[in-house]
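Input: a single structure, listed below in structure tokens.
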Amino acid sequence: MVKVTLKGDVVKEFDNGISAAEVAKNLGMGLYKAACLCKINGEYADLRTQINEDCALEILTFDDDAEAKKTFRHTASHILAQAVKRLFPEAKLAIGPAIDNGFYYDFDVDKAFSPEDLEKIEAEMKKIVKEGLSLERFELDPDEAIAMMEEKGEIYKVELIREHADKGEKISFFKQGEFVELCAGPHIPDTSRVKAFKLTSCTGAYWRGDSTKKMLQRIYATAFTKKDEMEEYLASVEEAKKRDHNKLGRELELFTTNELIGQGLPILLPKGARIIQLMQRFIEDEEQSRGWQLTKTPYMAKSDLYKVSGHWDHYKDGMFVLGDEDKDDEVFALRPMTCPFQYQAYLNRPRSYRDLPLRYNETSTLFRNEASGEMHGLIRVRQFTISEGHLMCRPDQLEEEFKGCLELAVYCLKTLGLYEDVSYRFSQWDPADTEKYIGTPEQWDEAQGVMKKILDHLEIPYKIGVGEAAFYGPKLDIQIKNVFGKEDTLITIQIDQMLAEKFGMEYTDSDGTKKNPYIIHRTSIGCYERTLALLIEKYAGAFPVWLAPTQVKLLPIADRHHDYAYEVKAKLEAAGIRCEVDTRSEKIGYKIREAQLEKIPYMLLMGDKDIEAGCVSVRKRGEGDIGAMDVDEFVNLVVEQTKSRVIF
């Protein structure tokens, strides 16, 4: 017998060799039918796992755990693959992992799947679910596994098996009916449990993400245990598509792209450029009020600078290099970050401990050679502008200055309305892969220890990301997700105790000795283009008044009202309000609808009665008609909302 400790520290005895699934069945058929995965002594395991010694056991359902969801959806990917093989026997199977909110499977087929094909595949999947096929795990020696997959013509599976053949380990498979799949698992017990699923799209994907390899067909899908949950999720996806900045930003004429210019090099149109300008002025003024000093440094430098900083050895593949090291006396590169340039400002003259902290900020245009497959609208681009800064300080100033950098970032996030959407990651080095970094283990332990102490003292709710540090130091990454759930870094604050020594940056301390300052690398709102993308999605293009490229649209009802409209426009512009007059010979209802589609915060309608009373009829975005207002009263309203950066 074995003793199994269950939820609530309840201990039960079972026969030695019992499976986790059988334990779940013993506890109740409801739990058994809902079970997707288990944990044995804290480690995830397949429900088929036999229990041969005393242990702690957790039975996990779809609603309990992210890994349980992945297990459920990975089984759904096997159902998808089985359906495709039934309908398209010549299709070659590649890989089919579970991903956030769904799964996909890659197939090698002669022609792309059509929408009609996806309907047939989905119908066949429903048949497989009704068949209630058990998933049975078995193992083969590598040679046997290769022979079986070669006989089936599954060339991609053979490639995967060969990579593990030299390890001498057995190769695991799962069988459901006539379908056999190379897979380590885990899986749910049978196909009948996949009650709700939907094939959502089909696209091309290179085998293993390598553009030199064959293009495959990737079918994306999602799966849930309940139909209403799936429908709710699909509705949220449709809403995300409507908010997708890559679509909405173009429709609102905020930005565009052009093949002649190149991928990852967006053109900001007047409206988008105005929003960036407004954010930039806000950030630079705020930084100045907090003691930051503005610099302007070159867009490029000789390779010598990057060799000192370490970027040449650790980041060269991500840089745009101008020239050939084997042919040219001088090789330049466009800057991927500003730190080594601002260090030269520090080195402009000798520094004393009294000069510190020294805070340099810059609105920096940077260039990074991102892979073509990584490009996405304004989220990830090759040229971008960032609110960058570098702060040199003494060790006794480090915590207070780090706190100041974080407070600035939080203030900017709150002002933009993004604060509630972010999370924090403490990005550390990977001691198992030291070639990625400069410095000694002792230096990294010290830097990370200092940063951990600061974050804990400030009570920052962070997660740890091993291997996510910059090559010269640990960092706090402020993370945010786009409407499709993909996470990116928005703001970074880093502690660096290594580059000052490499650049010979020193200060004379109070005792007359020379010391290297600590450096804090930080952004206050990150990349302006990425922030604009997130704002488009956050507000669905309906920007707060202070950020709206056009704050007010003036709508004269008839031609005889044009002169009055321009008089009002002059008053608004004198107060700094961004406004336009719509003088087209269209009905007023049409003009209102057009302004609504443009997401204009305020519309001013002007007719005979308005002119006679010296007022305007005001319509507010989201509220409609809010009545007549004196022109000066309306001007004061918009000026105050702009000044206070109110969000509605």
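Nothing in this text is a laboratory measurement; each read-out follows from the coordinates by a stated rule. Keep in mind the model is a prediction, meaning the values are calculated, not measured. Heads up, the Cβs are rebuilt from the backbone with ideal geometry, glycines too, and the neighbour counts pull from every protein chain shown.
For segment 528-648, the Kirkwood radius over C-alpha pairs fed into Stokes-Einstein at 37 °C and 0.692 mPa s yields D = 224 µm² per second. Counting 0.36 nm for each residue step from Lys33 to Thr365 and taking away their Cα separation leaves a gain of 113.9 nm. Compared with the alpha-carbon gap, the fully stretched path from Val422 to Glu586 is longer by 54.6 nm at 0.36 nm per residue. Each label was represented as a point 7 Å from its Cα along the Cα-to-Cβ direction; for Asp625 and Ile261 these points are 4.3 nm apart.
How much FRET efficiency would the formula 1/(1 + (r/R0)^6) give for Gln280 and Gln50, where r is the Cβ-Cβ distance and R0 is 51 Å, rounded to 0.05?
Details: r = 62 Å, r/R0 = 1.22.
It comes to 0.25.
Working note: Karplus 6.51/-1.76/1.60 with θ = phi - 60° gives segment 217-226 the couplings 9, 9, 9, 9, 7, 9, 8, 9, 7, 10 Hz, where Gly and Pro are set to x. Counting neighbouring beta carbons within 10 Å and listing from fewest to most, the residues Met629, Met149, Met300 come out as Met300, Met629, Met149. At what distance in angstrom do the alpha carbon centres of segment 10-69 and segment 261-281 lie from each other? With segment 10-69 and segment 261-281 each reduced to a Cα centre, they are spaced 54 Å. A simple spin-label model places the labels of Thr434 and Glu239 5.1 nm from each other, with each point 7 Å out along Cα-to-Cβ. Please give me the summed charge of the neighbours of Cys527: other residues whose Cβ is under 11 Å from its Cβ, Lys and Arg +1, Asp and Glu -1. Local charge sum for Cys527: 0. Projecting the Cα atoms of Val639, Ala595, Tyr566 onto the charge dipole of segment 552-643, computed from C-beta unit charges around the Cα centre, puts Ala595 farthest toward the positive end. Each of Lys170, Lys296, Lys538 was scored by other Cβ atoms within 10 Å of its Cβ. Listed from fewest to most, they are Lys296, Lys170, Lys538. Less than 10 Å Cβ to Cβ from Glu136, Lys/Arg counted +1 and Asp/Glu -1: what total charge do the surrounding residues give? Around Glu136, the surrounding residues sum to +2.
Using the Stokes-Einstein relation with a Kirkwood hydrodynamic radius computed over Cα pairs, the translational diffusion coefficient of segment 580-640 at 37 °C and a viscosity of 0.692 mPa s comes to 269 µm²/s.
Measuring from a point 7 Å past the Cα of Asp456 along Cα-to-C-beta, which residues in segment 463-491 have an amide N at less than 19 Å? Of the residues in segment 463-491, 463-466, 474-477 have backbone N under 19 Å from the label point off Asp456. Estimated purely from DSSP H runs of n ≥ 4, each contributing -39500 (n - 2.57), the mean residue ellipticity at 222 nm for the chain is -11000 deg cm²/dmol once divided by its residues. Close Lys pairs in segment 8-154 (alpha-carbon distance under 13 Å; sequence gap of 8 or more, or different chains): 5.
Among Arg368, Arg335, sorting on how many other beta-carbon atoms sit within 10 Å of each Cβ, with the fewest leading, yields Arg368, Arg335. For segment 84-123, the set of GluC sites (Glu not before Pro) satisfying both a DSSP loop assignment and a count of at most 10 other C-beta atoms within 10 Å is given as Glu90. Value of Rg to Rh for segment 503-542, rounded to two decimals, is 1.46; Kirkwood radius and Rg both from alpha-carbon coordinates. Protection proxy ranking for 474-487, 386-399, using the average of other Cβ atoms within 10 Å per residue and placing the highest first: 386-399, 474-487. Take every Cα pair under 8 Å whose residues are at least 6 apart in sequence, average their separation, divide by the length of the chain, and the relative contact order is 9 percent.
Segment 587-631 and segment 444-516 have Cα centres spaced 51 Å apart.
Computed over segment 67-243, the P(r) curve from all C-alpha pair distances, binned at 10 Å from the origin, holds 10, 37, 37, 14, 2, 0 percent per bin. If R0 is 41 Å, the Cβ-Cβ spacing of Asp326 and Thr513 corresponds to a FRET efficiency of close to 0.40.
Starting from 0.36 nm per residue, how many nanometres of slack lie between Lys167 and Glu116 once their C-alpha separation is accounted for?
Values: separation 51, 0.36 × 51 = 18.36 nm, distance 4.33 nm.
Taking Lys167 through Glu116 to full extension adds about 14.0 nm, to one decimal.
For GluC sites (Glu not before Pro), the sites in segment 559-648 that DSSP calls loop and that have at most 10 other Cβ atoms within 10 Å are Glu623. Are there any trypsin sites (Lys or Arg not before Pro) in segment 223-288 that are in a DSSP loop and have at most 15 other Cβ atoms within 10 Å? List them by number. Sites meeting the loop and neighbour criteria: Lys226.
Net charge dipole, the chain: roughly 1380 debye, given to the nearest 20, about the Cα centre with Cβ charges of +1 for Lys and Arg and -1 for Asp and Glu.
Radius of gyration over Kirkwood radius for segment 1-83, both on Cα atoms: the Rg/Rh ratio is 1.01.
Rounding to the nearest 20 debye, state how big the charge dipole of segment 487-554 is about its Cα centre with +1 on each Lys and Arg Cβ and -1 on each Asp and Glu Cβ. List each step's numbers first, then the result.
Details: 7 positive and 9 negative charges, 64 e Å.
Dipole of segment 487-554, to the nearest 20 debye: 300 debye.
When the Cα atoms of the chain are enclosed in a convex hull and the volume is divided per residue, what value in Å³ results?
Per-residue hull volume (Cα only) is 234 Å³.
Each label point was placed 7 Å from the Cα along the Cα-to-Cβ direction; for Asn348 and Gln383 their separation is 2.7 nm.
What FRET efficiency comes out for Leu269 versus Asp396 if R0 is 41 angstrom and r is the Cβ-Cβ distance? Round to the nearest 0.05. Kindly include the intermediate steps, with their values, before the conclusion.
Numbers: r = 48 Å, r/R0 = 1.18.
Efficiency at R0 = 41 Å is approximately 0.25.
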